[in-house]
Amino acid sequence: MNRDDVAGLLDEYMAWMKESVELREMGDWVQITTPYLDRHNDFIQIYAASDPQGNIVMSDDGYTIADLEHSGCRIDTPKRKELLETTLRGFGVKREDGELVVHASRTSFPLKKHNLIQAILGVNDLFYLAQPTVQSVFYEDVMAWLDANGVRYTPNVKFTGQSGYDHRFDFVVPKSAKMPERFIQTINRPTRDKAESVAFSWIDTSKTRSADARAFAVINDAQTDVPAPVLEALTSYSVEPVLWGARSRAVSLLTQ
C-alpha cells in the first residue's frame with residue numbers, strides 16, 4: 001500500500017460519510033443521523049443548533065449516559081467516573097446536565113462533530129458491561145496485562161491525523177532499539193463498525209508517524225466469537241488483531 005492508495009481510501013471514506021448522513025429539522029435543532037451504530041445496533045444520532053453567540057452547539061441529547069444507566073451500568077464509582085471523564089477529555093467533549101456536548105464554529109464543525117461521535121462510541125465501548133458477572137472493564141484488563149508483562153506504555157494518547165481529525169489511542173508503546181512505535185486500541189465489543197472506526201483512526205494517524213509504526217487491536221473474545229468481517233476490516237488496513245484468548249502470542253511484539 002502506497003501514499004496514493006491511502007489517499008484514495010480517505011477520499012472514499014469521506015464520500016461514504018457524507019452520503020450516509022441524514023438530516024431532520026426539529027424546531028431550533030437539526031437531528032443528524034450518522035452511519036455509526038451504538039451497542040443496540042441503532043444509528044447514532046446527534047443534534048445541532050445555533051447558540052446565542054452565533055456558534056454551533058452539538059449534543060447527544062443525554063441519550064448515551066441515560067441508556068447506560070437504564071441498562072444497569074451506573075456511573076456511580078470513582079473508577080467509572082474517572083474512565084468516563086478521561087474518555088471525554090480525550091475528545092474535548094463536556095458533560096453538561098447529563099448530555100455530551102461540544103461547541104464549534106463553522107470552521108471547526110466537522111472536527112467537533114467527529115469528536116462527539118467518537119466520544120459516544122468510546123463511552124459505549126468503555127462501559128459495555130453485558131451482565132453483573134462481568135467483573136471489570138476490558139480496558140482495565142488490558143492495562144493490567146500490559147503491566148504484568150512489563151510493557152512500557154503511555155495511556156490515552158491523542159494524535160491529529162492527516163485529515164486534521166483527532167484520534168485517541170488507548171496505549172502507545174514507544175520505539176525501542178528492536179521495535180518501532182506501537183499503537184494499541186482495545187475493542188470490547190467486536191463489531192464491524194467499531195473495527196472500521198479503529199482502522200480509519202490508524203490509516204489517518206499513520207501518515208503523520210514514522211513509516212514503520214505498527215497498530216494492534218486487542219479484541220475481547222471472552223463472551224462471543226469475533227465475526228470474520230471484524231478481523232478482515234482490521235487486517236485490510238494494517239491493524240494487527242490480538243484476540244484476548246490468545247494474547248500471550250503478542251507479548252514479545254510489545255515488550256521488545
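The values are calculated or read from the model by the stated rules, or taken from the named source; none is laboratory data. Bear in mind that the values here come from a model prediction, so they are computed numbers and not experimental data. Note that we place each Cβ from the backbone using ideal geometry, even for glycine, and neighbour counts take in every protein chain shown.
Scanning the range 89-107 for residues that are at pLDDT below 90 and of a type in the set (Gly, Ala, Ser) yields Gly90, Gly98. Evaluated against (1) closer than 22 Å to Val157 by Cα; (2) in contact with a helix residue (DSSP H, G or I) (Cβ under 9 Å, 6 or more places away or on another chain); (3) surrounded by fewer than 20 Cβ atoms within 10 Å (Cβ to Cβ); (4) not small (Gly, Ala, Ser), Asp67 falls short on exactly one condition, (1). Do you know which residues across the range 124-177 are touching a helix residue (DSSP H, G or I) at 6+ places or on another chain (Cβ under 7 Å), surrounded by fewer than 13 Cβ atoms within 10 Å (Cβ to Cβ) and either of a type in the set (S, T, N, Q) or at pLDDT 90 or above (or both)? Matches in the range 124-177: Gly150 only.
Given the criteria over 17 Å from Val172 (Cβ atoms), touching a residue at least 12 places away in the same chain (Cβ under 8 Å) and surrounded by fewer than 20 Cβ atoms within 10 Å (Cβ to Cβ), does Ala228 qualify? Outline the logic, then answer.
Numbers: over 17 Å from Val172 (Cβ atoms): yes; touching a residue at least 12 places away in the same chain (Cβ under 8 Å): no; surrounded by fewer than 20 Cβ atoms within 10 Å (Cβ to Cβ): yes.
Here the answer is no, as Ala228 does not meet what is asked.
When the residues of the range 1-42 are filtered to those that are of a type in the set (S, T, N, Q) and under 23 Å from Val57 (Cα atoms), the one that is surrounded by the most Cβ atoms within 10 Å (Cβ to Cβ) is Thr34. Does any residue of the range 226-239 turn out to be out of contact with any Ser or Thr (no Cβ under 6 Å at 6 or more places or on another chain), within 24 Å of Glu140 (Cβ to Cβ), modelled with pLDDT under 90 and in a loop (DSSP other than H, G, I, E, B)? The answer is yes; a qualifying residue exists.
Here Val172, Val218, Val239 are screened, and the one residue that is closer than 21 Å to Val151 by Cα, free of Cβ contacts under 8 Å to residues at least 24 places away in the same chain, touching a strand residue (DSSP E or B) at 6+ places or on another chain (Cβ under 7 Å) and of a type outside the set (Lys, Arg) is Val172. Looking only at the range 35-68, filter to residues that are in a strand (DSSP E or B) and of a type in the set (Phe, Trp, Tyr); which one of those is farthest from Val123 (Cα to Cα)? Among those that are in a strand (DSSP E or B) and of a type in the set (Phe, Trp, Tyr), it is Tyr47.
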